[in-house]
């Protein structure tokens with residue numbers, strides 16, 4: 001590293017050919033900056049996957065296929081927003097997959113058992129989901145255990161509770177159909193409706209996915225809390241020394257994941273009317289996959305929410321593309337795994353190039 | 001100098017249970033002066049920093065800022081009084097852009113009613129201007145801090161402390177992990193900070209670095225002040241001798257010259 005070579009005496013403003021730089025801070029040219037974005041690898045991957053299925057599967061080229069692909073992406077993508085934020089903040093959550101089901105079960109069963117308007121169940125489920133997130137974060141902060149262990153424990157506990165409590169309440173493994181209860185129609189409009197745009201049948205979750213991604217991106221890049229999330233994930237000790245409330249940030253991030261688990265759970269409930277209590281296992285890894293494919297570092301402090309959205313989109317395209325191509329459905333996971341590996345390698349390579357390209361220091 | 005020191009410790013001691021880490025330490029930091037604190041490992045340097053930075057309240061003695069006794073219970077309180085500590089690990093997130101690190105914990109916001117967002121353009125501009133004022137010209141203010149050299153990172157940390165109103169800078173071994181050239185960069189900025197009228201406490205175990213910029217020297221040993229002298233009364237050789245063991249080393253030499261076996265205790 002030839003660091004000192006970048007040290008020069010301050011230049012007088014407005015003098016010489018470099019004088020115009022005094023007008024603003026130095027940044028690299030836009031193309032260079034684009035080439036060092038964390039999500040670049042995933043965007044290229046998405047283009048390749050799209051091109052492949054566009055070429056081999058004729059039904060993939062239709063507007064209805066696009067609607068289905070986007071929907072499949074949104075089911076993973078909404079959770080991936082929270083999981084990506086959490087990963088940038090330096091933690092991950094293995095309980096996220098079953099927490100979605102816990103939330104759906106809570107809403108369905110409280111409404112059914114007490115005969116409430118389903119919106120009351122929805123509200124109780126939100127409280128429970130935020131509570132699970134808080135619990136994850138609080139245990140993490142108090143015990144200083146790695147999030148892998150804390151959330152693995154919560155994952156196992158929720159997995160057991162989901163089935164056991166459902167059996168106790170409805171005497172079965174899936175909840176009763178609540179589609180005839182008060183408030184169901186309006187809740188379905190919010191969480192699980194669909195509408196046509198041109199020839200495209202779009203599920204409402206796609207709209208929420210885009211909104212949540214945009215909002216989370218803005219929070220991460222343009223608010224103080226976002227700055228704290230990046231710092232807490234990058235170097236928690238440093239952040240603490242500079243006055244960042246790291247414990248609060250981490251608990252808040254787990255509660256954010258809780259919020260998205262609630263939202264995804266409500267979608268499941270109002271799309272299918274009933275909830276299978278044993279589902280959700282394994283999805284937590286798909287959320288993490290989407291975030292990592294999108295350029296988030298497992299070790300924290302680096303990544304974008306847009307990248308995670310692209311990662312989820314790649315998942316959606318693969319999932320539906322294989323169906324449209326008529327290949328064996330079990331190959332989906334094979335391709336998702338291969339994509340993850342490729343993305344990690346390509347992202348690492350881009351980062352190395354970016355480091356070389358910065359010049360000077 | 002006759003004016004009130006910015007920061008003054010008199011008879012400060014710190015005990016952890018029965019372990020006495022510091023005993024009767026006197027230290028004064030004046031504006032436009034660099035006070036070097038030297039000492040071997042375990043001499044009490046880190047405890048002294050923690051007392052000054054407000055992490056540990058002293059067990060005995062008085063801590064004065066601008067002549068008034070204070071009792072600090074957090075680093076934030078110290079910072080509010082203008083006492084900024086640049087720790088060895090620099091308190092920076094390596095993957096975050098330079099400007100974000102510069103403003104970490106002191107983010108500049110633009111408010112609209114209940115909402116507020118970062119003034120990113122303003123922070124980029126200010127960070128760039130402040131760094132350029134200290135002679136650091138970065139090719140990209142968005143580059144992660146981890147990509148800067150060790151010396152540049154030190155200077156960014158110092159510039160950050162100065163920008164946020166530090167009057168007293170506590171520098172914890174800023175040259176310890178650096179090569180010769182990089183150390184030179186940092187020493188230049190210590191001198192620049194002094195010229196700007198700041199009081200600097202430069203903690204180091206390198207007597208050569210200390211003598212290049214120091215106005216006043218304090219050598220700590222086993223938690224006590226062993227030497228306390230202005231620049232005029234100290235030769236670099238004295239510092240080297242003090243640091244490399246001083247009298248103990250003399251004794252050792254005599255022992256060895258006599259060809260004796262293991263030195264008798266005492």
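Calculate, in whole percent, how much of the Cα-Cα pair population of the range B:95-173 lies beyond 22 Å. Summing the P(r) tail past 22 Å for the range B:95-173 gives 24 percent. Here the Kirkwood formula, the inverse mean of 1/r across different C-alpha pairs, assigns the protein assembly as shown a hydrodynamic radius of 27.9 Å. Compared with the direct C-alpha span, the chain from residue B:240 to residue B:176 gains 21.4 nm at full extension, assuming 0.36 nm per residue.
Hydrodynamic estimate: the Kirkwood radius of the range B:10-159 over Cα pairs, inserted into Stokes-Einstein at 10 °C and 1.306 mPa s, corresponds to D of 89 µm²/s. Going from the residue with the fewest nearby Cβ atoms within 10 Å to the one with the most, B:112, A:262, A:208, A:138 rank B:112, A:138, A:208, A:262. Sorted into 5 angstrom bins from 0, the C-alpha pair distances of the range A:31-175 split as 2, 8, 12, 15, 14, 12, 12, 11, 8, 4, 1, 0, 0 percent. Counting only alpha carbon atoms, the long axis of helix B:246-257 and the longest principal axis of chain B meet at about 40°. If R0 is taken as 35 Å, the Cβ-Cβ distance between residue A:352 and residue A:149 corresponds to a FRET efficiency of 0.65.
As a test of the definition: which semi-axes, in Å, follow for chain A when you take the square root of five times each eigenvalue of its alpha carbon gyration tensor? Largest first, please.
39, 26, 18
Can you give the translational diffusion coefficient of chain B in µm²/s, computed by Stokes-Einstein from the Kirkwood radius over Cα pairs at 25 °C and 0.890 mPa s? Reported coefficient: 123 µm²/s.
What the Kirkwood sum gives for the range A:127-275 is a hydrodynamic radius of 17.9 Å, with every pair of different alpha carbons counted. When A:181, A:157, A:242, A:87 are arranged by Cβ crowding within 10 Å, least crowded first, meaning fewest neighbours, the order is A:157, A:181, A:242, A:87. GNM on chain A, alpha-carbon springs under 10 angstrom: the most fluctuating residue among A:286, A:94, A:149 is A:149.
Size check on the range B:194-247: the Cα extents along the three principal axes, sorted descending, read 38, 22, 18 Å.
For the Cα trace of the range A:280-348, dividing Rg by the Kirkwood Rh returns an Rg/Rh value of 1.00. Residue exposure proxy: B:26, B:119, ordered by other Cβ atoms within 10 angstrom of their Cβ from fewest to most, comes out as B:26, B:119.
Laboratory data are not the source of any read-out in this text; all were calculated from the coordinates shown. All of these numbers come straight from a predicted model, not from anything done at the bench. As a convention, Cβ positions derive from the backbone with ideal geometry for all residues, glycine included, and neighbour counts pool all protein chains shown.
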